[in-house]
Amino acid sequence: MQDDPNLRQIPLEAFRVFDAAARHMNFSAAGRELSISQAAVSRRIAQLEDRLGCPLFSRAGRHISLTAEGVRLAGQVRGVLEYLEDAISPFLRPPGGGGVTISASVSVSYFWLAERVRMFGERVPDVPVRVFTTDDLDQLAGAGNDLGLLYSRGAHPRWHLDQVLDEVLVPVAAPSYLARVGLTGERLAPRALHALSLLDYERFNAHWISLDRWFRTVAPDLPPITPHRRYTGYIMTIDAALRGEGVALGSTGLIADHLAAGRLVPISDDVVRSPYGYYLGRPRDRELSPDARRLHEALLDGR
């Protein structure tokens, strides 16, 4: 088959940018995934559209949607990128081919996994562990990972899952903030909470529950909240709460250490239990290596 000179002039990066934009349906979110600016995403998409000679997205203000050509290309590009990811994953192992790769979202890596991997490394120093951190659902469940921490209802077509954390959500604040606004440990009704400085985060997964969604669940009669601060990630939101900037929605399993130490305290009796939780996954299509099995057992023992 003759090589197309036009195709040779399109860098692979352009298709990665298009794939991220098509999955997120948001240029800003695609930029965060790829560590580039929203303007850079927009520019690369425009260049790709110009090179292909057809629009890939329909734009209506800040909202975008795939055109018919975009839908067709998105499916093909995702398949090619998955093939490449599977093909190169064996070369991403630590030198010598040993070690374990575990994938996890940014938040669960920060709040739960990192400390447990550190303790595992102290007990089993001869097993190198690579923590692959991403919020992309396809990459979290990628075939190149030995283990994965997945946000799930408990079933996955390619992974055996064992639950390690429930998703229990309650508003929390630092004692310093509560003292500043004259509260001394009492639990507040949603209407009283609504008037405080609220800290929320942007949802990049339709199943995540933000503080805004918590209010809509427990007090649907209240008007939508106007956050004092809105962050692009959960870690930044909890860090702001720890600094005493206001009230954040706490996932009690993720912030268990902060709750136990009293750095954050629940300030409501209204708790939302999500049907989702965090599950430790192992592939259905192959046996774990001895090193991966040791890490798998250690993480389950530390639930």
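For this structure, a couple of remarks:
- Angle in degrees between helix 38-52 and the longest Cα principal axis of the chain, rounded to the nearest 10: 20 degrees
- Per-residue 3J(HN,Hα) values for region 213-227, derived from phi via the Karplus relation 6.51 cos²θ - 1.76 cosθ + 1.60 with θ = phi - 60°, read 5, 4, 4, 5, 7, 8, 8, x, 7, 6, x, x, 6, 10, x Hz in sequence order (x marks Gly and Pro).
- Chain lengthening between ARG216 and ALA261 when straightened (0.36 nm per residue, less Cα-Cα): 13.2 nm
- Distance between the pseudo-spin-label points of VAL271 and VAL80 (7 Å out from Cα toward the beta carbon): 5.0 nm.
- Average accessible surface for the chain: 52 Å² per residue, computed with a 1.4 Å probe over protein heavy atoms with every protein chain in place.
- The phi torsions of region 290-302, fed into the Karplus equation with coefficients 6.51, -1.76 and 1.60 and a -60° offset, translate into couplings of x, 5, 5, 5, 5, 5, 4, 5, 5, 5, 5, 5, x Hz, rounded to whole numbers, with Gly and Pro shown as x.
- Note on region 183-303: with neighbouring protein chains present and a 1.4 Å probe, carbon and sulfur make up 48 percent of its accessible heavy-atom surface.
- Packing rank of 24-30, 191-197, 285-291, where each peptide gets the mean count of other beta carbons within 10 Å, highest leading: 24-30, 191-197, 285-291
- Among LEU165, TRP208, SER289 the positive-end extreme of the charge dipole of the chain (Cβ point charges): TRP208
- Estimated at 0.36 nm per residue, the fully extended path between ALA298 and ARG123 surpasses their Cα-Cα distance by 62.0 nm.
- In this structure the amide hydrogen of LEU264, modeled in the peptide plane, comes within under 5 Å of the amide hydrogens of LEU259, none closer than 5 places in sequence on its chain.
- Helix-only CD estimate at 222 nm, as mean residue ellipticity for the chain, using -39500 (n - 2.57) per DSSP H run (n ≥ 4): -11500 deg cm²/dmol
- Order by protection proxy (mean Cβ within 10 Å, highest first), peptides 228-238, 246-256: 246-256, 228-238
- Rounded to the nearest Hz, the phi-derived 3J(HN,Hα) couplings of region 250-262 under the Karplus curve 6.51 cos²θ - 1.76 cosθ + 1.60 (θ = phi - 60°) are x, 8, 4, x, 5, 9, 4, 5, 5, 5, 5, 7, x, where x marks glycine and proline.
- Considering only beta bridges that DSSP places wholly inside the chain, some 70 percent are antiparallel.
- Highest average packing first - 171-182, 267-278, Cβ atoms within 10 Å: 171-182, 267-278
- Alpha carbon centroid spacing (whole Å) that separates region 127-144 from region 196-269: 26 Å
- Under 5 Å between amide hydrogens, built in the peptide plane, is the criterion, and for VAL164 it picks out TYR278, TYR279, LEU280 among residues at least 5 positions away or on other chains.
- Computed from label points 7 Å out along Cα-Cβ, the spacing between LEU12 and GLU69 is 2.5 nm.
- Based on Cα atoms of region 195-243, Rg over Rh with Rh as the Kirkwood radius reads 0.96.
The values are calculated or read from the model by the stated rules, or taken from the named source; none is laboratory data. None of the values given here were measured: they were computed from a predicted structure. In this analysis, Cβ positions are derived from the backbone assuming ideal geometry, glycine residues included, and neighbour counts consider all displayed protein chains. For accessibility, only protein heavy atoms count, side chains too; no ligands or nucleic acids. Shrake-Rupley method; radii C 1.70, N 1.55, O 1.52, S 1.80 Å.
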